[in-house]
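Structure first, commentary second.
Where a number appears in this text, it was derived from the coordinates with a stated rule and is not lab data. Since the model is a prediction, treat every value here as computed from it, not as a measurement. Positions of Cβ are backbone-derived with ideal geometry, glycine not excepted, and every protein chain shown enters the neighbour counts.
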Amino acid sequence: MSEPGNPSDPLPSALLRGLGAQLRMLREQRDLTREALGGQTNFSKSTIGAFERGERIMDANTVVEMDKVLAAAGVLAVVAPFLEEERYAPQFRDFARFEAQAVSLWVYDTHMVNGLLQTADYARTVFAAHCPPVDEEEVERRVTARLARQALLGRRPLPLLCFVIEESVLLRRTGGERVWREQLLQLVEIGRLPHVRIQVVPLNCEEPVGSVGPMTLVEAPERRMLGYVEVQEWGTLISKRESVSAMVQRHASIRGMALNPSASARLIERLAGEQ
């Protein structure tokens, strides 16, 4: 999933532009230049300008620090909790909220290892290869956002997480031998968690499973099931019961054709050269 950063967006979000406008207003009221404010907060003049135009996301700690420096009495700090969703591209934000609160998650991946399972180097390789290209700073921002999602793996109460992966995904040496092998070994480690199931659809599977592509199903705290699909950076959150029911049936069918978790782990270990 290509959740962080969508370079095709014509404008920053309304939240970022509004926060930037507040920052600029408070700075000017305090009769501070961008350079002066940057000097007090360890940011360059150009970075302060990017914050004010909403072109660069301030993390929560930065917003709180700006609030203190500008004596804003919480006007900026109150926005900090809402910035978490700004890590992600617009098409992913709605789903990201449900993912973070999931009671259970059911995933089928066909092209790359799911973001919840990726190592930092694997994620970095994926984002560095983005087309059109993005700069190194943006790559690192996206990596940070992706790894932050993985808090779900250790969240309490524990969610039930089921990942079904095509073997072809595991055969591709994304990032080179070291990155690829480390990614495989991480899959094995995560798969040992009691609330995580990782299953592989083997290449010798003769059934044409998954012909309609990858998908994710999430069970929300109120026990409502939702679907999410993404292609070419366009993501769709699906709530229509008939459509979600069809996705549940497809996922169950695909899961039935996959190796069980123990056999999947052995296969992954063989690919990594551990057996």
Protection proxy ranking, peptides 196-208, 109-121, average beta carbon neighbours within 10 Å, highest first
109-121, 196-208
Two pseudo-spin positions, 7 Å from Cα along C-beta at L203 and at K45, lie apart in nanometres by 5.8
Isotropically averaged projected area of the chain, using the convex hull of Cα atoms (one quarter of hull area), nm²
16.1
For region 33-156, the Cα-Cα pair-distance distribution in 10 Å bins from 0, as whole percents, is 11, 35, 32, 18, 4, 0
If you place +1 on the Cβ of every Lys and Arg, -1 on the Cβ of every Asp and Glu, and leave all else neutral, what size is the dipole of region 190-239 about its Cα centre, to the nearest 20 Debye?
280
Would you please give the FRET efficiency between S239 and A120, computed as 1/(1 + (r/R0)^6) with r the Cβ-Cβ distance and R0 = 35 Å, to the nearest 0.05?
0.60
About the Cα centre, and with charges only on the beta carbon of Lys, Arg (+1) and Asp, Glu (-1), how big is the dipole of the chain? Nearest 20 debye, please.
500
Residue separation times 0.36 nm, minus the C-alpha to C-alpha distance between A252 and H195: what's the value?
18.7 nm
Using 1/(1 + (r/R0)^6) with R0 = 30 angstrom and r between the beta carbons of A21 and N61, what's the FRET efficiency to the nearest 0.05?
0.90
